[in-house]
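Visitor: Dropping a structure here in structure tokens format, bear with me for questions.
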């Protein structure tokens, strides 16, 4: 089984970390290919960055037609619906994956993300996925995506403080780590804080494996119907859907 | 007051029709500039087309920094959140505009759109705007966006049938026309079917006028905070947010 | 265009202030007529006062049949549904107006009202309008309606404290001022607190202008159908609906 | 125990029928006093009629200060919140009563009302009471309130048809009769249609008895705090709250 | 009228206390029979205990076929749906009863329970009953069920602190006591804290009396249809439904 | 990895079928042990049967303490919360599994179950899992659980009719088969009806594999905290939680 994990930003160091996190949980027969677009933002921190990350994400999916499934490795799940229209193979976002896994091991979960500006987008996704009722709050640690690894001790401390606040104030029973850049912290935080701490990258890889193993495809009717063939003008002409 | 109405698809005939619909309701002192991107899909029919329409939409907004407000003239409201991050001036989507206006003149409203594949995206927006509780159903007439004007009689008949079904089966008290290409039909349908039929383009123009007249800007904190300065790679480098 | 702004309480000084706030934002061609009933409570602070304000409100609407639209200038929006049944012309409540405008310029808004006893009624309205999901909290400043102007400095300070709490604790991105008596504070508070602060009176005037400009009427079927002709006994005989 | 049942319309024949229905289920020690206002609409069919029924309703409650509890005997529950502010004694609306009872004997209930124009008001109440999730639909029989007794056979037939539709199409497991004028039909319909059919008048009487028996009062804080003392002008001066 | 109050745990001292609380509010003609199963947990504190309490609860209901109605006297309402399938006579849970009564005397209510581990189950019930929207929070006093009477002063103090927190932080207007073991505290707490404090045992008895007085049965279709006749193996053979 | 699949009813032929379905999708290294309790109902069709199936389910989990994860193989997910309290190893219900998988491959899914009496329980679960918003309806084929294999052609035809109705009337984009006895039909129905048809047994096995692969345990705080040590009386003494 081949899973293509697309980091929708253009920071290759982050793509490599995501690839490592994915490989760490992949089953023996699963090949992980971690890629990122050539065009787009260096990190995704808000709706504007998302907008310019999605075309590159879709390009990467189109460039790997032989994959058995795909992971969108940004916690905002940008372009997830478009990706599902573009291929019948399973596509899972790491935000989505974290929420579903947390729902299966706890009664209510909290989310810890990087910057407060992302909270609205995550809440919007939770609402859309129908899992907002299971989420007891999204908290931000106020560290930019690309700074998470600058001072690992500070990162760990901020996330730890947020987890304890989520337990005490929101009655969180599990935590979803809300950034692909936090992937390597989950195991340690689980042990330290006494509740399941879930990394979306790992969760998404296992859920894609599950869907592929089930032989289930993304539906091809309704909102995820394949794009209709039509003309795309200018710079995007190459992305035009054909018959 | 200058309002830039962006048709996010690249079909200029449609942009012209949208411009006409906008001018028909604009107040005396309002200048309407109707534009469309050079790059992107000829029509927007689903999530995939949306993804490739948003960069061009944002480019048009950036190209008109002197506007007092903006209209996103596609009923799916693609890129609305990104656009609001990109400028403090009011930005209104025509879907959003139609739903808000319908909520102020009826207890529950129905939506008539083109293709069934768009229903999911519209329902997602209604949920996010918090107005799903006021909407009693979205119905599709099964005509592609660019075919609406091919056979005006068929279009009118299909929409009429859908309106009557929404009245009888969903208890719709008002109708929102779910496509920028239906803009010229609202007045006639209102008279014919005995309930308010609302065109989103016209609604959006009047709501932008209202917001500009109020002197209200889009918030600059939370999810709509301006994008952080950062590197954008490759083809999108020119869109990179700067200080 | 003539807009009749009805202050549903009987305090004429407040009616005058409301009229000034309305005129300050009205478009050049808009005539504002600010009125209040002869019968009813001096201020509206809870469900009981509302009950005795509504007949007078409806009397004022009936007394001005030539208006193009109406504003119900009490933040509880008392009698809004009854008013919409009584006339096909657009009727907007100032609470409703504030919520809709805030929804179009922010992801989530807070509301600042006078007394805690009003919070339940406002939450009930938000639920009914379907905009409760966009509201992150209603806070009271614990000052009676008619005392807001007794000590302007205290009023401003209390509201300022509440706004900062709404930003910090509720992640409010915009604020709706929850009393017609706060109308003159919006601009200053917007500047001082760095987020859109919306006055309902101004918002309602601009939304009525928008609806009139659109040529949209209130629906005449369903819950807003005109009242059926029938006998009204005693003191209310004059209000009996006729054919 | 003395329960004052207020029919908020001014049709005394209906008040008498309501009184009979109330007495039929009252416990041995319960005295039922059925009254109606002198002023107001002959029947309540929509928001406008409601507005002019509420002052009279509150007058009747004020005129019977020695009651142990009150019933608002109109299915729209007009003025229920105001009544609760006006007295610490329990007040139950017959719509509310029917919904609560149905929730305790079924998983989902349907509502059968008179005219379609009332459906919106009932749905609004269900939403506010939090019981909309238990209601599977409100259906109208298209007969005016005061015509229910003109042709009893037609009334019974129309209601029977609606009940069967609610069972078949909405999976209703219980039915709430949505008009005080249907009170005498419940037992027969229960037997005929094989599911609990609940009359709101009877339900409200038993629930007031239950609350009085429990010694529970309506809360005096928050939205139901007693009205603040203040001046009421003109015709409503006599209703002004005093210390 | 005979009401069987089933304490689903096996602690007879608690059953006796529940019986006293039930008798204290029962109407003159009502006989209260308080029972508990022979088999099962000594107290119910979480989902696991619930699972082993339900068979005994159903056995007690089956053992008292001549009752006019039943109360499930554990605040988690364990087995309520199964009990309703097993008999057409009204069955009310004490959690359910408390929520419904609180909804009729306040705009929003808080719940005070014993251990935090029970909060999730109570929130699940509120969601199912559709009354979660009326509940402003569930708070735990961190005292086990069987310890409530060990140190009455501590119990009263902890509950008092929780009530004040619910008033101040959650705007609770009424309180539901979330454990059958708190039944004797309601009156005193009501007086002390100035808001209605409701005991579920008393509330359930009065609601069963109300339903029996109304002549309303539990529906026999849908989810509460009588169990189909079938084979039950082993230890549960005696519970097998027969024709 | 060892997964214990518990069929909570006592029909061993059904347990064998479930075991086959589980093994058909299990990964190479996964051992499937399919068991059922000795005590309890022959099939689970409603709340009453559920009540007597749960103790046996928990006994089976306790009897297999070396499993890496568990599947509750009844579509009502009976005892799922209790099972999660009883073990830190992942436990997944087949209803839950089907809903989560359907949510990841479609925008909205329908559910096809056996008897209408089960619909309420399934809707209750969907509400609790937070996935009711993604479900567009539950339909029953009116065939008892144990009759599904009596006339395979009839079963297939009834399910096929229900799927087509769900597509046409509910806009279902995926189908979850709502009974463990339908496990072997999924692949064929997927091909025949052109949308993903998901069997809960297979889905649950793959999700347990995913959770085990992730190294995620069920949370041990909040509602899923381990049961407190206490006395269990009589027949259930052996199930009493110990330190």
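Visitor: From the label point of residue A:242, set 7 Å from Cα along Cα→Cβ, how far away are the matching label points in the other copies, in nm, ordered shortest to longest?
Guide: Spelled out, the distances from residue A:242's label point are 4.0, 7.1, 7.4, 7.4, 8.9 nm.
Visitor: Within 10 Å of each Cβ of F:124-133, how many other protein chain Cβ atoms are there on average?
Guide: 6
Visitor: If I take all pairs of Cα atoms in the range C:191-232, what percentage of them are more than 12 Å from each other?
Guide: Percent of Cα pairs beyond 12 Å in the range C:191-232: 74.
Visitor: Give the average, rounded to an integer, of partner chain Cβ atoms located within 10 angstrom of each Cβ in C:199-208.
Guide: Average neighbour count from other chains, rounded to a whole number: 4.
Visitor: Report, to the nearest 10°, how far helix A:200-214 tilts away from the longest principal axis of the Cα atoms in chain A, using its own Cα long axis and a range of 0 to 90°.
Guide: 50 degrees
Visitor: Ignore the peptide's own chain and count Cβ atoms of other chains within 10 Å of each Cβ in E:111-118; give me the average, rounded.
Guide: Whole-number average of other-chain Cβ neighbours for E:111-118 is 2.
Visitor: Also: What are the extents of the Cα atoms of the range D:71-149 along their three principal axes, in Å, largest first?
Guide: The Cα atoms of the range D:71-149 stretch 37, 32, 20 Å along their principal axes.
Visitor: Hey, for residue D:147 with labels 7 Å out along Cα-Cβ, what do the inter-copy distances come to in nm, ordered shortest first?
Guide: Nearest first, the other copies' label points are 4.4, 4.4, 5.4, 6.7, 7.1 nm away.
Visitor: What whole-number volume per residue, in cubic angstrom, does the convex hull of the C-alpha atoms of chain A give?
Guide: 118 Å³
Visitor: According to the square roots a ≥ b ≥ c of the eigenvalues of the Cα gyration tensor, what is the shape class of the range A:139-236, taking rounded for a/c under 1.5, prolate for a/b larger than b/c otherwise, and oblate for the remainder?
Guide: prolate
Visitor: Order of D:85, F:106 from fewest to most other C-beta atoms within 10 Å?
Guide: Ascending Cβ contact count within 10 Å gives the list D:85, F:106.
Visitor: Would you please state the base-10 log of I(q)/I(0) at q = 0.16, 0.27, 0.31, 0.35 1/Å for the range E:90-130, with intensities from the Debye formula using one equal scatterer on every alpha carbon?
Guide: Taken in order of the listed q values, log10 I(q)/I(0) reads -0.42, -1.09, -1.24, -1.29.
Visitor: What are the nm distances, shortest first, from residue D:13 to its equivalents in the other copies, labels at 7 Å along Cα→Cβ?
Guide: 5.3, 6.5, 6.5, 6.5, 8.7
Visitor: I would also like to ask the following. Over the residues of the range B:23-74, compute the C-alpha Rg and express it relative to 2.2 N^0.38 Å.
Guide: Dividing the Cα radius of gyration by 2.2 N^0.38 Å gives 1.28.
Visitor: Let me check the size of the range C:95-200 from its C-alpha atoms; what are the radius of gyration and Dmax in Å?
Guide: 12.3, 35
Visitor: Let me ask something additional. Mind checking which chain D residue has its Cβ closest to the axis relating D to A, and how many whole Å off it is?
Guide: D:133, 6
Visitor: Continuing with this model, one more query. For the range E:118-157 and the range C:21-50, compute the distance between their C-alpha centroids and round to whole Å.
Guide: Computed from Cα coordinates, the inter-centre distance equals 46 Å.
Visitor: With a 10 Å Cβ neighbour count serving as the proxy for reagent exposure, in which order, fewest first, do C:49, A:68 appear?
Guide: Sorted ascending by nearby Cβ count, the order is A:68, C:49.
Visitor: Any idea what angle helix E:12-25 forms with the longest principal axis of chain E, computed on alpha-carbon atoms, 0 to 90 degrees, nearest 10?
Guide: 80 degrees
Visitor: Follow-up. Over all distinct alpha-carbon pairs, what is the Kirkwood Rh of the protein assembly as shown in angstrom?
Guide: It is 32.7 Å.
Visitor: Any idea what Rg and Dmax come out to for the range C:120-176 if you just take the C-alpha atoms, in Å?
Guide: 12.8, 35
Visitor: Can you put D:242, C:103, E:217 in order of Cβ neighbours within 10 angstrom, beginning with the fewest?
Guide: Neighbour counts put them in this order, fewest first: D:242, E:217, C:103.
Visitor: To one decimal place, what Kirkwood hydrodynamic radius in Å is obtained for the range B:27-123 from all pairs of distinct Cα atoms?
Guide: Radius from the Kirkwood sum: 14.6 Å.
We did not get these values from a lab; they are worked out from the coordinates using the rules stated. Keep in mind that what you see is a predicted model, and the values were worked out from it rather than measured. Every residue, glycine as well, gets a Cβ built from its backbone with ideal geometry; the counts of neighbours run over all protein chains shown.
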